[in-house]
Amino acid sequence: MTRPSILVTRAVFPDVLDHLRQHFEVEANQADDAWSADELAQRLQGKAGAFTSGADPITAALLARCPGLKICANMAVGYNNFDVPAMTAAGVLATNAPDVLTETTADFGFALLMATARRVTESEHYLRAGKWTRWAYDMFSGCEVHGSTLGIIGMGRIGQGIAKRGALGFGMKVIYHNRSRLDDATEGQCRATYVGKEALLRTADHVVLVVPYSKESHHTIGAAELALMKPTATLVNIARGGIVDDAALAVALRDKRIAGAGLDVFEGEPKVHPDLLTVPNVVLTPHIASATVGTRRAMAMLAADNLIGYLVHGKPLTPLNPEVMA
Ligand code: DGY
């Protein structure tokens with residue numbers, strides 16, 4: 001029996017490729033070359049599956065050129081690179097990689113909050129630049145974390161992980177805003193109180209964004225929302241670029257409208273708005289919230305197992321549009 005062919009669009013752990021090669025003919029991109037949409041479509045010819053990163057756009061136009069494609073398995077929990085309705089219409093299964101990254105990503109959200117509030121990178125740059133010649137009583141005074149109010153926008157699994165860290169580890173008062181309110185038991189476990197978005201922005205000392213990207217969540221935080229925040233507040237975005245209006249944020253940081261921001265994701269990444277690079281009160285990291293070796297390996301294995309589960313056994317593990325299997 002001929003084995004299905006698949007495409008792995010980006011470099012990945014060699015043992016994950018070995019796992020895939022037990023079931024498929026695999027074309028891999030271990031050189032990690034950047035492919036245009038046209039090259040991606042060409043390489044997908046004759047492929048039944050694609051192992052994709054969150055940066056590979058799977059669009060209606062691409063799907064129209066790849067009639068043999070049956071599944072795209074994202075090595076990411078976010079899947080705003082997928083046009084899911086177009087995939088469903090084309091009979092292509094979409095899968096993502098949830099759960100395996102929840103705690104690691106929540107750890108990083110908290111790390112970014114701490115680094116922002118306590119001005120960790122700003123003070124390190126000062127030290128490395130040889131500017132530290134004497135101690136001063138107000139040097140790099142930051143914002144309190146323990147006992148402060150944590151506002152979480154987007155209370156899915158990762159948001160809940162951050163809430164627990166804040167409430168149980170740092171004695172923070174946790175408020176949250178979400179499309180739908182959590183049930184009482186989950187609110188209790190997270191020690192979190194549901195509030196409206198405006199109340200959250202006005203009250204929170206630290207605002208953390210963990211909402212999935214969609215047309216509706218585009219610029220959840222723009223100039224108007226930043227204007228509601230306390231001047232002593234911080235903002236952390238570990239969700240997706242485009243959730244924050246980065247240009248408006250750079251102005252708010254420059255004008256000290258808010259105290260600081262921690263950003264792991266950017267509009268148009270890997271490009272970063274140039275004004276964010278010139279303001280000191282922002283911590284910038286290159287989309288690494290899920291980046292521990294163990295978690296990235298688990299994400300890759302889950303994407304691989306979705307391809308094997310669907311193309312070999314007819315049972316994917318984490319389908320986003322299971323209706324295509326009906
Ligand atoms: C995800 O899994 O969505 C992370 O942002 C990594 O891409």
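The values are calculated or read from the model by the stated rules, or taken from the named source; none is laboratory data. Owing to the predicted nature of the structure, the values given are computational and were not obtained by experimental measurement. With ideal geometry, Cβ positions are generated from the backbone for all residues, glycine too; neighbour counts draw on all protein chains shown. When the accessible area is computed, the model is the full protein with side chains, heavy atoms only, and any ligands, DNA or RNA have been set aside. Shrake-Rupley method; radii C 1.70, N 1.55, O 1.52, S 1.80 Å.
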Fill in the blank from the handout: Hydrodynamic radius by Kirkwood for the chain, inverse mean 1/r across distinct Cα pairs, in Å, is 21.1
Completion exercise
Cα extents of region 102-284 per principal axis, largest first, Å, are 53, 34, 29
Exercise for the section: Select from Asn281, Asn29, Asn306 the residue whose mean-square fluctuation is largest in a Gaussian network model of the chain (Cα-Cα springs shorter than 10 Å). Expected result: Asn29
Handout entry: Global geometry of region 13-120, whether rounded, prolate or oblate, following the gyration tensor of its Cα atoms and the 1.5 cut on a/c
Key = prolate
Exercise for the section: Could you check how much of the accessible area of the chain is carbon and sulfur, as a whole percent, using a 1.4 Å probe? Expected result: 55
Completion exercise
Ranked by GNM mean-square fluctuation in the chain (Cα springs under 10 Å), the top entry among Asp33, Asp255, Asp205 is Asp33
Practice task
Would you list the membrane-span-like helices of the chain, meaning whole DSSP H runs whose alpha-carbon atoms span at least 24 Å along their axis and whose mean Kyte-Doolittle value is at least 0.5?
Solution key: 293-311
Exercise for the section: Quote the charge dipole size of region 102-284 about the Cα centre in Debye, to the nearest 20; the model charges only the Cβ of Lys and Arg (+1) and of Asp and Glu (-1). Expected result: 280
Problem - For q = 0.13, 0.14, 0.15 Å⁻¹, Debye-computed log10 I/I(0) when each Cα of region 231-326 counts as one equal scatterer - result: -0.61, -0.66, -0.70
Handout entry: Peptide ranges 90-100, 189-199, 116-126 listed from the most packed, as the mean C-beta count within 10 angstrom indicates
Key = 90-100, 116-126, 189-199
Exercise for the section: Can you tell me the dipole magnitude for the chain around its Cα centre, using point charges on the Cβ only (Lys, Arg +1; Asp, Glu -1), in Debye to the nearest 20? Expected result: 480
Fill in the blank from the handout: With R₀ set to 30 angstrom, the calculated FRET efficiency between the beta-carbons of Leu168 and Asp138, to the nearest 0.05, is 0.45
Handout entry: Under-28-angstrom lysine pairs by C-alpha in the chain, whenever the two are 8 or more apart or on separate chains
Key = 18
Handout entry: Mean separation of Cα contacts under 8 Å, 6 or more apart, over the residue count of the chain: relative contact order %
Key = 19
Handout entry: Charge-dipole axis of the chain as Lys and Arg at +1 and Asp and Glu at -1 on Cβ define it, positive-most pick from Leu200, Leu249, Gly78
Key = Leu200
Fill in the blank from the handout: If unit charges are put on Cβ atoms (+1 for Lys and Arg, -1 for Asp and Glu) and the dipole of region 173-272 is taken about its Cα centre, the option from Pro270, Leu228, Asn178 lying farthest towards the positive end turns out to be Leu228
Fill in the blank from the handout: Counting only protein heavy atoms and rolling a 1.4 Å probe, one gets per residue an accessible area for region 102-284 in Å² of 49
